[in-house]
Amino acid sequence: MGLESPFIPYVATLKMSTQLTPDIKLLSVELKDPDTRAGFDYKPGQFALLSAFGEGEAPFGIVSLPGQGDGLEFAVRRIGTVTRALQELEPGDILGVRGPFGNYFPLEDYAGGNIIVIGGGIGMAPLRPVINRILQQRDDYQQLLIINGARTPQDLVFQPEFPTWRAAPRTRLELTVDRGDEHWKGRVALVPDVVKELAPSPNNAIAIICGPPIMIRFTLSVLKNLGFKDNQIVTTLEAKMKCGLGKCARCNIGDKYVCQDGPVFTLEQVSQFLEQP
Amino acid sequence: MNLFISKDDLIRWLELLLRERIIIAPIRVQGQTMFQPISKVEEIMFDFDNTALSSKGWFLPPTETLFSVRRDDGQIKLMPATVERDAIIFGIRPCDARGIALMDGPFLQVPSDTLYQERRNRTTIIGLACRQAQPECFCTSMGSAPDDPSHVDILLTEVKDGYIVQVVTEKGKALLPKGWAKYKRKMPTPPQLKTVPTKGIVSAIREFFNDPYWERLADRCLHCNICAYVCPTCYCFDVRDYPDKGKVERVRSWESCQSPGFSLTAGGYDPRTTKGERLRQRFYHKLLYFPERFQEVACVGCGRCGKACPVNIDIREVISDLHQLAEAKSGS
């Protein structure tokens, strides 16, 4: 009898596919085997590798919370062959899931503090379970400030949830876009500039940030100017991955493997990498 | 305790072993000495410098199917690849055996790579000590030796009228028939090798991450990847799906950190866009990152990379250069 290969995904069924933006779909996925389904526990920030059999496999943050709603949710942006194939799946179609992999946002450690969530574009995906977990345990945290940017208004990823986020106690949602349209009455500004304008206090606060590298770079310098220390800034790194098992060495950055040591790192940790992401 | 067998007895023993197992041994293939499964013992080369490729390909094949996907009646079945038979690698050099021991680090760490692990479990390694050193050899500078038995199950050393047999592990012992004579004479002296100043390299390299040295060195690199393919310890891989007539195979294949796009994400982000950054990654992985994770430098001193490189990028030279950079820095 052979050993169980860590490369074999769980077989899953696509339950629902919802268009979130012109190029992003929310996939609701159910693992076929009931025992596996029951045992699949994960935390905000962890990811899984999704297989579109015949096209390949790629890593995606798990954007749902365990025990909430049905199945696992992934926000998939159409950007290459695997993501295109995943978007073309229809309810009832089969896909593969391996995971959960990686570390997670240690939200328990942030209890009692103010949380600033800063996301750009598809970078909101790993932040959605962070926001929803905080809302689930709202009394454990002080102020929650969400700054969400996108290229255009229709690229804001989790719009159906905005009313819920806005209505939550001590929660503020600030949206911004690079380019508005005829209906847009909100901000037209870059995320770093919005952070600068809103100037959240670093007092007893943690900033959790994810987005395009250039957004992160400029936002970091704004946060630093506001007085945030490196250990108050947390991010999740994107990396090429083929195995999720610390073997293929594709996500190797410095002596770290993003798939196992990450993807969540504090800026303090990242700044100690020999190689800068 | 060491034993002795004549060459004739060795051949008879291998013939017996071949009835029940696959034997992978150095054979002549299109002018190159390569490790391949043999069909007859006569194919084996007993006298060779070293093989063109190391034997890592037995444990991590250049391409292999991880599993195949079968669809019947709307149901889907994932069929894992399996390892069917016991095997023997015959004639591996001590440096390459050490390469396998180094690959064990990433591949056997939890969760273990089961295909690799099964092949490892089901393969017995019979080494062949080097009686001559090649110009590219520097294993003694990398913690091994031409007669190092540490990472094989049995080590053979050729002497005038046959082979000295050192039985290293229980796995090796299990292959031996009874009744071989004891070898009581002195072991032959291993060949002397030129040394490479590897001492202190792990701490030396750390200082030169942002040095222009890497771009300069990489200027002539053709990113042909041959260094990674011939290396006994390079193990980066790619995974892709190959659909064929309604069947899909998920296939793993060798990849190299020298390839443009090796670390390019679908979103267009790439932490290593220049040849210098990629070449630096190769040496940092071997000389710093791997030692930090697995406590050993990921080089066995086989010298294949330097010999194979079309533009003479040689790890021995890189190590010397780094020491010189370190000296220049401390002197200034």
Quickly run through the range A:62-105 and pick out the residues that are in a strand (DSSP E or B) and among the β-branched types (Val, Ile, Thr). A:Val76, A:Ile94, A:Val97
Across the range A:86-106, which residue is farthest from A:Ile131 (Cα to Cα) among those that are among the aliphatic types (A, V, I, L, M) and buried (at least 21 other Cβ atoms within 10 Å of the Cβ)? A:Leu95
For the range A:35-54, state whether one or more residues are at the interface with another protein chain (Cβ under 9 Å from one of its Cβ atoms), closer than 12 Å to A:Leu89 by Cβ, more than 23 Å from the chain's Cα centre (by Cα) and of a type outside the set (Lys, Arg). yes
Let me confirm something: among B:Ala101, B:Ala129, which residue is farther than 19 Å from B:Trp254 by Cβ, surrounded by 23 or more Cβ atoms within 10 Å (Cβ to Cβ) and among the small types (Gly, Ala, Ser)? B:Ala129
Qualifying strands (runs of 3 or more DSSP E) (wholly inside the range B:100-202; at least 3 residues being out of contact with any strand residue (DSSP E or B) (no Cβ under 8 Å at 6 or more places or on another chain)): none
What number goes with the only condition from (1) out of contact with any Phe, Trp or Tyr (no Cβ under 9 Å at 6 or more places or on another chain); (2) part of a strand (DSSP E or B) that A:Arg217 does not pass? (2)
Output yes when any residue across the range A:111-126 is within 14 Å of chain B (Cβ to nearest Cβ) and assigned to a strand (DSSP E or B), and no when none is. yes
Out of the residues in the range B:77-90 that are buried (at least 18 other Cβ atoms within 10 Å of the Cβ) and modelled with pLDDT under 95, state the one that is farthest from B:Trp58 (Cα to Cα). B:Leu78
Looking only at the range A:245-272, which residues are on the phi > 0 side of the Ramachandran plot and either outside any loop (DSSP other than H, G, I, E, B) or out of contact with any Pro (no Cβ under 7 Å at 6 or more places or on another chain) (or both)? A:Ala249, A:Gly254
A:Val234 vs (1) part of a loop (DSSP other than H, G, I, E, B); (2) under 19 Å from the mean Cα position of the chain (by Cα): all pass except (1)
All positions within the range A:211-224 that are in contact with a helix residue (DSSP H, G or I) (Cβ under 9 Å, 6 or more places away or on another chain) and either within 14 Å of chain B (Cβ to nearest Cβ) or touching a residue at least 24 places away in the same chain (Cβ under 8 Å) (or both): A:Gly211, A:Pro212, A:Met215, A:Ile216, A:Arg217, A:Phe218, A:Thr219, A:Leu220, A:Ser221, A:Val222, A:Leu223
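The values are calculated or read from the model by the stated rules, or taken from the named source; none is laboratory data. Just so we're clear, the structure is a prediction, and the values are computed from it rather than from any experiment. All Cβ positions, even for glycine, are placed from backbone atoms using ideal geometry, and neighbour counts span all protein chains on display.
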